[in-house]
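Encoded as structure tokens, the structure appears first; notes follow it.
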Amino acid sequence: MSADPGRRLALIRCLRDSIDCLVHNRSLPLSLCYIPNEVLYEVKRDTQVTVYSEPVRESEHLVSCVISDGQLYASGEEMANSQGQWIRVKAFKTEILPMKYLEGWVLLWDSKKTSDDPQQTQIQELKPEVNQKHALLDMKKHQTQSWLDIVTASYSLNKKSDEDFDPDSEAVEKLRSIPANWSRDHDEALVHFLSEESDILNDEHLGSVKSYVESVDVSSCCDEDEGASCLTDGDADSYWESDGNQGAHWIKLCMKKGTVIKKLFLTLDGSDDNYLPYHIVVMAGEAEHLKQVNDVHVDL
């Protein structure tokens, strides 16, 4: 859970509210199911973009063209299936073509291609700036885009008005109610899926290594604010501090399948002699068959 006390309290309030909704058969909170009405994507040069009528390749091709340095305007609604990750687009434009309004689906991430395939990064989300005039609907964009930010804002003491947010109402309503045919088997399947596939909680603090690392674990922490997430959050002012006997400290990186490690960096604070490690051993391999690959004596 987040180390921010305000966010943590908001999440607890939202959880209690959500449980109450399930117990009394009411729709889930709007903030929990928040989906932004519009997200802007940048299309890199000479990218083949196909818009489908449904999020499956076998559906009708509404348009298929090569876009050079263009933009896609999409809803925040996404769909994932065996073919990959899809986004629901509303319009697109290029430097040459004017705005073309078109409702359909674009395959953002192809499951048949590897993560290092250049085609996988040809369409990327652009983060909106505060109060930037939006070209498609002429509305003000806000930095608050994720459901987590909306939950925090909605359940904090300084609660924001619903008018501050712009949800995709149709997509939100799909998430607020449990499908009529939902069963315990669906519950179990969802739990297995989330536990095996979801890396949202880890991604929040993995920083630039999230493409290669599934999780980070440590031997101990002095307190929650100096936990494992500080190792990879990209913040030079944050740090991990262990709490234990000398010689019993370790950091474990669980790498994603197929990752090739060429370099490993560890940043130390040379001004703090009390907690500065003097001997670092690097082990690698399968969990039960680790082998030593480096042995470093620190001399700062």
> Which value, to two decimals, describes the C-alpha radius of gyration of the stretch 249-300 once divided by 2.2 N^0.38 Å?
Replying inline: 1.33
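Quote to one decimal, in nm, the extra length available between Leu15 and Leu276 on full extension: 0.36 nm per residue of separation minus the C-alpha distance between them.
On the way: separation 261, 0.36 × 261 = 93.96 nm, distance 4.05 nm.
Between Leu15 and Leu276, full extension yields an extra 89.9 nm.
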> Once amide H atoms are built 1.01 Å from N in the peptide plane, which residues 5 or more positions from Tyr239, or in another chain, come under 5 Å H to H?
Replying inline: none
> At a probe radius of 1.4 Å, what is the per-residue accessible area of Ser53, in Å² to the nearest 10?
Replying inline: 40
> Applying the Karplus parametrisation 6.51 cos²θ - 1.76 cosθ + 1.60 with θ = phi - 60° to the phi angles of the stretch 33-49, what ³J(HN,Hα) value in whole Hz is obtained for each residue in order, glycine and proline being reported as x?
Replying inline: 9, 4, 10, x, 5, 8, 10, 9, 10, 9, 9, 6, 4, 6, 10, 6, 10
> Excluding ligands, DNA and RNA, what is the solvent-accessible area per residue of the stretch 26-78 at a probe of 1.4 Å, expressed in Å²?
Replying inline: 44
>> List the residues, sorted by chain then number, that are 5 or more residues from Glu214 or on another chain and whose placed amide H is less than 5 Å from its amide H.
In response: Cys254, Met255, Lys256
> Regarding the stretch 6-54, what are the three Cα extents along the principal axes, ordered largest first, in Å?
Replying inline: 50, 30, 12
> How large is ³J(HN,Hα) for each residue in the stretch 286-297, as worked out from phi by the Karplus curve 6.51 cos²θ - 1.76 cosθ + 1.60 (θ = phi - 60°), to whole Hz, x for Gly and Pro?
Replying inline: 5, 3, 8, 9, 6, 10, 6, 10, 7, 9, 10, 9
> Amide H to amide H, which residues 5 or more places from Ala91 or on other chains are under 5 Å from it, using H placed in the peptide plane?
Replying inline: Tyr73, Leu102
> What list of ³J(HN,Hα) values in whole Hz, one per residue of the stretch 16-22 in order, does the Karplus curve 6.51 cos²θ - 1.76 cosθ + 1.60 (θ = phi - 60°) give from phi, with Gly and Pro shown as x?
Replying inline: 5, 5, 5, 4, 4, 5, 5
> Considering the Cα trace of the stretch 1-93, what is its radius of gyration and what is Dmax, both in angstroms?
Replying inline: 18.6, 52
> Roughly how many percent of the accessible protein surface of the stretch 245-300 is carbon and sulfur, given a 1.4 Å probe and a whole-percent answer?
Replying inline: 52
> Between Asn37, Ser64, Cys21, whose Cα lies farthest towards the positive end of the dipole of the stretch 15-87 when Lys and Arg beta carbons carry +1 and Asp and Glu beta carbons carry -1, centred on the Cα centre?
Replying inline: Cys21
> If R0 is 25 Å, what FRET efficiency do you get for Ile178 and Glu54 from their C-beta distance, rounded to 0.05?
Replying inline: 0.60
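The values are calculated or read from the model by the stated rules, or taken from the named source; none is laboratory data. Predicted, not measured: the structure shown is a model, and the values here were computed from it. Positions of Cβ are backbone-derived with ideal geometry, glycine not excepted, and every protein chain shown enters the neighbour counts. Surface accessibility is based on the protein's heavy atoms, side chains included, excluding ligands, DNA and RNA. Shrake-Rupley method; radii C 1.70, N 1.55, O 1.52, S 1.80 Å.
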